[in-house]
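Below is one structure, written out as structure tokens; the observations come after it.
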Amino acid sequence: MKLQVAMDVLTTDAALALAAQVAPHVDIIELGTPLIKAEGLRAVTAIKAAHPDKIVFADLKTMDAGELEADIAFAAGADLVTVLGTAGDSTIIGAVAAATKHGKGIVVDLIGVADKVTRAREVTALGAQFVEMHAGLDEQAEPGFSLGKLLNQGETAKVPFSLAGGVSLATIASVQRAGASVAVAGGAIYGADDPAAAAAALRAAII
């Protein structure tokens with residue numbers, strides 16, 4: 001299982017500083033949607049230039065113009081780009097076409113999708129490299145949120161998936177047991193007093 005850091009910081013300088021701390025311990029460096037909205041795709045270019053050996057993940061959450069948006073992100077240095085699972089099939093197909101052209105990959109983010117299992121299978125058939133079983137920050141704060149439900153959906157879908165939403169040192173073993181290809185840790189890393197130590201501990205917990 002790969003470890004992905006989700007960098008929900010708001011400046012390129014902050015992203016570069018955080019990436020420098022955690023890069024030795026992670027496989028994938030994700031530029032969060034707020035960062036890309038604040039700084040643009042130049043942030044992607046800067047991270048890829050600083051860490052050419054890492055998979056750089058641009059969390060665009062594209063909903064339309066899939067081929068165009070993916071194309072410009074790949075040109076900027078992204079290796080993986082997200083399209084929302086609630087987008088139409090044509091948007092996902094277009095993004096996959098851009099990925100194929102660049103030799104890169106599309107991840108379909110299932111945030112907000114009611115039937116994640118069915119949609120996961122559908123978008124995998126359309127060419128998604130993997131899907132993201134994702135509970136956003138707002139959902140995690142809602143009463144009754146359960147990481148176990150996300151894990152069960154990932155197991156049931158039987159397609160390659162990442163898990164984002166509540167990954168921590170206390171939960172990462174269960175994420176791996178569920179068969180996730182990627183564990184996505186955000187606040188557990190960037191919110192720690194020592195992000196490098198937090199990332200190293202998560203890495204050590206992966207068998």
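The values are calculated or read from the model by the stated rules, or taken from the named source; none is laboratory data. Owing to the predicted nature of the structure, the values given are computational and were not obtained by experimental measurement. For neighbour counting, all protein chains shown are included, and Cβ atoms are generated from backbone atoms with ideal geometry for every residue, glycine included.
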Can you tell me how many residues in the stretch 151-207 are touching a Leu at 6+ places or on another chain (Cβ under 9 Å), among the hydrophobic types (A, V, I, L, M, F, W, C), surrounded by fewer than 18 Cβ atoms within 10 Å (Cβ to Cβ) and over 14 Å from Val26 (Cβ atoms)?
1
Are there any pairs with C-beta distances below 7 angstrom linking a residue in the stretch 49-67 that is crowded, with 19+ Cβ neighbours inside 10 Å to a residue that is at pLDDT 95 or above and of a type in the set (Lys, Arg), with the two at least 6 apart or on different chains, and if so which?
Val56/Lys48
Within the stretch 127-160, how many residues are more than 17 Å from Lys61 (Cβ to Cβ) and either of a type in the set (A, V, I, L, M, F, W, C) or within 16 Å of the chain's Cα centre (by Cα) (or both)?
9
3 or more residues in contact (Cβ under 8 Å) with a residue 60 or more places away in the chain: qualifying helices (runs of 4 or more DSSP H) within the stretch 128-207
187-190, 195-205
When you check Thr100 against the structure, is it surrounded by fewer than 19 Cβ atoms within 10 Å (Cβ to Cβ), among the hydroxyl-bearing types (Ser, Thr, Tyr) and more than 22 Å from Ala180 (Cβ to Cβ), yes or no?
yes
Within the stretch 15-46, restricting to residues that are closer than 17 Å to Pro195 by Cα and in contact with a Leu (Cβ under 8 Å, 6 or more places away or on another chain), the one that is surrounded by the most Cβ atoms within 10 Å (Cβ to Cβ) is Ala15
